[in-house]
Amino acid sequence: MTAYPHLLEPITLGNLTLRNRAVMGSMHTGLEDYVWDLPKLAAYYAERAAGGVGLIITGGYAPNKRGWLKPFASEMTTRLQAQRHHQVTDAVHQAGGAIAMQILHAGRYGYTPFSVSASAIKAPINPFKPSALSTKGVDQTVDDFARAAGLAQRAGYDAVEIMGSEGYLINQFLAERTNHRDDIWGGTAARRMRFPIEIVRRTRETVGEGFPIIYRLSLLDLVEGGQTWDEVVELALLIEDAGATVINTGIGWHEARVPTIITQVPRGAWAWTTARLKKEVAIPVCASNRINTPELADSLIADGTADLVSMARPLLADPEFINKAAAERADEINTCIACNQACLDHVFKNKKASCLVNPRACHETALVLTPTLRPRQVAVVGAGPAGLSAAVSLAEAGNKVTLFEKGPQLGGQFRLAMAIPGKEEFAETLRYYTRRLAVLGVDVRLSTEADAASLTDFDQVVIATGVEPRMPAIPGIDHPKAVSYADVLDGTVTVGNRVAVIGAGGIGVDVSVFLTHTPETLEDWLAHWGVGDPDQVRGGLTEPTERTPAREVVLIQRKTSMIGKDLGKTSGWAHRAVLQQSGVRQISGATYDLIDDAGLHLSVDGTPQVLAVDHVVICAGQESVRGLYDDLVTAGREAAIIGGADIAAELDAKRAIKQGVELGCAG
Ligand code: NAP
Ligand code: SF4
C-alpha cells in the first residue's frame, strides 16, 4: 500500500500523462516579468519538478500589451519570447516534471492607464479606469489568446491554462456587473459567455488535438452581480465542448470582500463547490484554494470531489512536498501556513515573492545550502522561529548543533501565534522544525538556560534569545488587572468579560480576535462572511450573519491613524473586518492615565474617561532579550545575533527565519 494512493496515481490529460495528480497552481512571483530573471525562474520551477509535483502552472502571461498586470509585466506575444522560455521548460523537463503556461489578461485589474475591459467600469481595487474594447478589439483579443497558446507550445510547454477566474478579463465579460455591452459580446448570459468559449475554441484550433488546455473557471464570484450557479454549469459544459481538457477551479474575484485563501479560511473550505461541478462535466476537474496537506489532497480525490488538486503556495513552502509524501515522510513537509506575508504581500507591493517558512523560494540561485567543508560544533540559544531555523539550517549544512531553550517547549512567539483563532497553522511550522531537529540529530536541551560559561567549547554561537513583552510606564501597570499578551495567549491568565487592549499593532488585533472568538463550524464561517448557496444567490453572496462575541473588547492606540493600517497587504482588510464583526470598539489618539480597581483611565482629545474593565491586556510591542549576547561580547567572544533578539522593533518571523537560513547557507 503506497502513501496517498489517490493523489499519487498518474492521470492522462490529452497527450500528456502526469506522474501524479498534484498540480502546482499558478502564482505570480515577479520573476516572470524580466528576461534577466528567467534563469532564476527556471531554477525555481526545476526544484519543484525535482520535488515530484505532477504539473507546474506558471504565473500569468498576458496575450497582448493591453492585458499586462502592470507596465512591462510578463507577456507571451513573440517567437523570441517563446524561444527564451525554453530555458524554463527544458529545466523542468530535465528534472522530470511537466509545465503549463498560464495565459492571463488582467482586464480592468491591469495597473496601467492603457487597461481595457468589457465595459469602461473601474475596479474598486484599481485607480485606473479601463476603456471598453471595441467589437473588433474583442475579436483580436480572442486571437491573441490563441496566439499565446501556440507560442507556449513552441516554447516547450506541455499545456496551457486559460485564466478565467479571480475577476480578470474573462470574468469581466461573463458578469453582468462588468459587462454592459450591447454587441455580440454582451447583453444576455449566453452572449457574455461567448468570449471564453471563442478563446477555448480558437486555442484548440491553434494547438491541435491532444495538447492539454486547462480552463480556470470561477465557481463562486463572491461579488454582487456575479454569475449564478446555472450560468457556471452552462459555461463549464460549453467550455468542455469548445475543446478544454481540464477544468481548474477558482474562488472569488480579487475585489471580493470574502477571504478565500488566508489562514483564517478553514482548510478545504471551498471543496464543496468543486464536488458540485464535477457531477456536471465529463472532463477532469481540479480543486484549489486552502489545500495544504497530502492527507487533504488525497481525500478530495478519494471521495470524488476532484480528479486533481492544485496547491500553489504549499509548493513554495516546500518544493519536496510530493517526494516527501510519497516516501511516507509527510511529517517532514514544511507546510504553507497561508500567511501571504512573503508571497502575495510581496507581489502586491511589487517585490519578488518568497515564502515566510522557506526563504529560499524564488531565491534558489542565491541561497544555496551546500555541505560545509569544516563541520563545526555550533550552539544555538533560543528555540523561537529564528533559533529553530538556524539550528535546522546549520545542521543541514553538516554542523553538529546543540539547541538550548530555557523554556520547557520549542516555539517561542510561534507558540503564542498558534493560539490565535485562524492562525492554528503555525502549529505545522513547529511540527516541521521539531521533526527536522530529530531527523538531523540536533541535541535539543529544553529547560536549559545557557550562559557564557556553558558556551565556551563551541566553535560558533548563535544568539536567538527572542523578545519579552514591553510593559509601558503607565501609572498602575503593576495592578493585577494589567496583564501581558503573552500570559493571556499561553493560558497563564484567564481574563474577565470586559477587556481593554492597549496597543493596536498586529498582536493587539490578534489578541482582540482571540478574546472575542467563539468556536465556529465551516457552515458558521461561511455564513459570517455572507457566503450563500450559489444556486440561490447570484455570485454565492448573501447577507452575513452576525457573530456573537465572547467578550466586550476595546482596542486602543495612541496614534490617530486607522487601526490595523499596517497589517499585511492581502490579509489586513480581513482582520479589520473580523474586528468589526466581533463588535470590538476601537479608540485612537488615546493617552493612558492610570490602571486601578475602577479599570483603565485614559484621555481622548483631552477628555478623560474610565473604561470599567476586568483586565487591561498590554500589547505594546517587545524588547529584545540580549543579556547573553552582551555577556559574550564583553568576554571577547564572537557570536551571531538573529531574530527578535537582534531587532525587536520589527519583530518579524519572516526576517527571523531568513536570518537562520542565511547562517546555514554561509558555509
Ligand atoms: P507593534 O506592531 O509594534 O505594535 C505595538 C503597538 O503598541 C504600537 O503600534 C504602539 O501603538 C503601541 N505602543 C508601543 N509602545 C508603547 C508604549 N510605551 N505605551 C503604549 N503603547 C505603546 O508590535 P506587535 O503588535 O507586538 O507586533 C509585533 C510584530 O509582530 C509586528 O512587527 C508584526 O510584524 C508582527 N505581527 C503581525 C501580525 C499581522 O500582520 N497580522 C500579527 C501579529 C504580529 P501606539 O504608539 O499608537 O499606541
Ligand atoms: Fe504559504 Fe506564507 Fe509561505 Fe506564502 S509566505 S507560501 S502563505 S507560508
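None of the figures in this text is laboratory data; all of them are computed from the coordinates on show. It should be emphasised that the depicted structure is a prediction, and the values quoted were computed from it without experimental measurement. For neighbour counting, all protein chains shown are included, and Cβ atoms are generated from backbone atoms with ideal geometry for every residue, glycine included.
Take the alpha carbon atoms of the range 426-464, find their center, do the same for the range 340-380, and report the distance between the two centers in whole angstrom. About 20 Å separates the Cα centre of the range 426-464 from the one of the range 340-380.
In this simple spin-label approximation, ASN323 and LEU522 carry label points 7 Å from Cα along the Cα→Cβ vector, and these lie 3.2 nm apart. Annotation: amide H of GLU623 within the under-5 Å range of GLU468, ARG470, sequence separation 5 or more or interchain, hydrogens built in the peptide plane. The Cα center of the range 581-611 and the Cα center of the range 388-421 differ in position by 38 Å.
Would you kindly calculate the mean projected area, averaged across all directions, of the convex hull enclosing the Cα atoms of the range 260-409, in square nanometres?
Values: hull surface 48.0 nm².
Answer in nm², one decimal: 12.0.
Once the Cα-Cα distance is subtracted from the 0.36 nm per residue extended length, the GLU280 to THR188 segment shows a gain of 30.9 nm.
Using θ = phi - 60° in the Karplus curve 6.51 cos²θ - 1.76 cosθ + 1.60, the 3J(HN,Hα) couplings for the range 602-617 round to 9, 10, 10, 6, x, 9, x, 8, 10, 9, 7, 10, 7, 9, 10, 8 Hz; x is entered for Gly and Pro. Highest-first packing order for the peptide set 619-627, 195-203, 181-189 is 195-203, 619-627, 181-189, based on the mean count of other beta carbon atoms within 10 Å. The listed peptides 245-251, 364-370, 255-261, ordered by packing as a protection proxy, come out as 245-251, 255-261, 364-370 (highest mean of other Cβ atoms within 10 Å first). If the limit is 32 Å between Cα atoms, which of LYS324/LYS658; LYS136/LYS352; LYS65/LYS569; LYS70/LYS654; LYS40/LYS122 go over it? Long pairs (Cα-Cα over 32 Å): LYS136/LYS352; LYS40/LYS122. Model label sites at THR545 and GLN83, defined 7 Å from Cα along the beta-carbon direction, differ in position by 6.1 nm.
Highest first, please rank the peptides 35-47, 306-318, 286-298 by the mean number of other Cβ atoms sitting within 10 Å of their residues. Walk me through the numbers before you get to the answer.
Working: 35-47: 18.8, 306-318: 26.0, 286-298: 23.7.
The densest-packed peptide leads the list: 306-318, 286-298, 35-47.
With the Cα gyration tensor of the range 563-667 giving a ≥ b ≥ c as the square roots of its eigenvalues, does the rule (a/c under 1.5 for rounded; else a/b larger than b/c for prolate; else oblate) give rounded, prolate or oblate? Judged from the Cα gyration tensor, the range 563-667 comes out oblate (a/c at least 1.5, b/c at or above a/b).
Largest first, the extents of the alpha carbon coordinates of the range 471-620 on the three principal axes equal 58, 31, 24 Å.
Compactness of the range 11-339 is given as radius of gyration and Dmax, 18.4, 57 Å, from Cα positions. Straight-line reach from LYS351: taking Cα to Cα under 14 Å and skipping same-chain neighbours fewer than 8 places apart, the aspartates and glutamates in range are GLU32, ASP33, ASP37.
Straight-line cross-link reach from LYS406 at under 17 Å between alpha-carbon atoms covers no lysines, not counting any fewer than eight positions away in the same chain.
Evaluating 6.51 cos²θ - 1.76 cosθ + 1.60 at θ = phi - 60° for every residue in the range 217-228, the Karplus couplings come out as 10, 7, 7, 9, 6, 6, 10, 4, x, x, 7, 7 Hz, glycine and proline recorded as x.
Could you tell me what fraction of 2.2 N^0.38 Å the Cα radius of gyration of the chain comes to, as a two-decimal ratio? It would help to have the intermediate numbers written out before the result.
Working: Rg = 26.3 Å, N = 667, 2.2 N^0.38 = 26.0 Å.
With N residues counted in the chain, Rg over 2.2 N^0.38 Å equals 1.01.
In the range 62-131, one over the average inverse separation of all distinct C-alpha pairs is 13.5 Å, which is the Kirkwood hydrodynamic radius.
For the range 356-411, the normalised intensity computed at q = 0.15, 0.17, 0.19, 0.26 Å⁻¹ comes to -0.49, -0.61, -0.73, -1.04 (log10 of I(q)/I(0), Debye sum over alpha carbons, equal scatterers, no solvent). Among the GluC sites (Glu not before Pro) found in the range 390-471, those both in a DSSP coil and sparsely packed, with 16 or fewer other Cβ atoms within 10 Å of their Cβ, are GLU424, GLU449.
Could you calculate the contour length gain from THR365 to GLU209, that is, 0.36 nm times the residue separation minus the distance between their Cα atoms, to one decimal place in nm? Before the final figure, lay out the partial values.
Numbers: separation 156, 0.36 × 156 = 56.16 nm, distance 3.75 nm.
Fully extending the segment from THR365 to GLU209 adds 52.4 nm.
What the phi angles of the range 546-555 give under the Karplus curve with 6.51, -1.76 and 1.60, with θ = phi - 60°, is a coupling list of 7, 7, 10, x, 6, 8, 8, 10, 10, 10 Hz, glycine and proline written as x.
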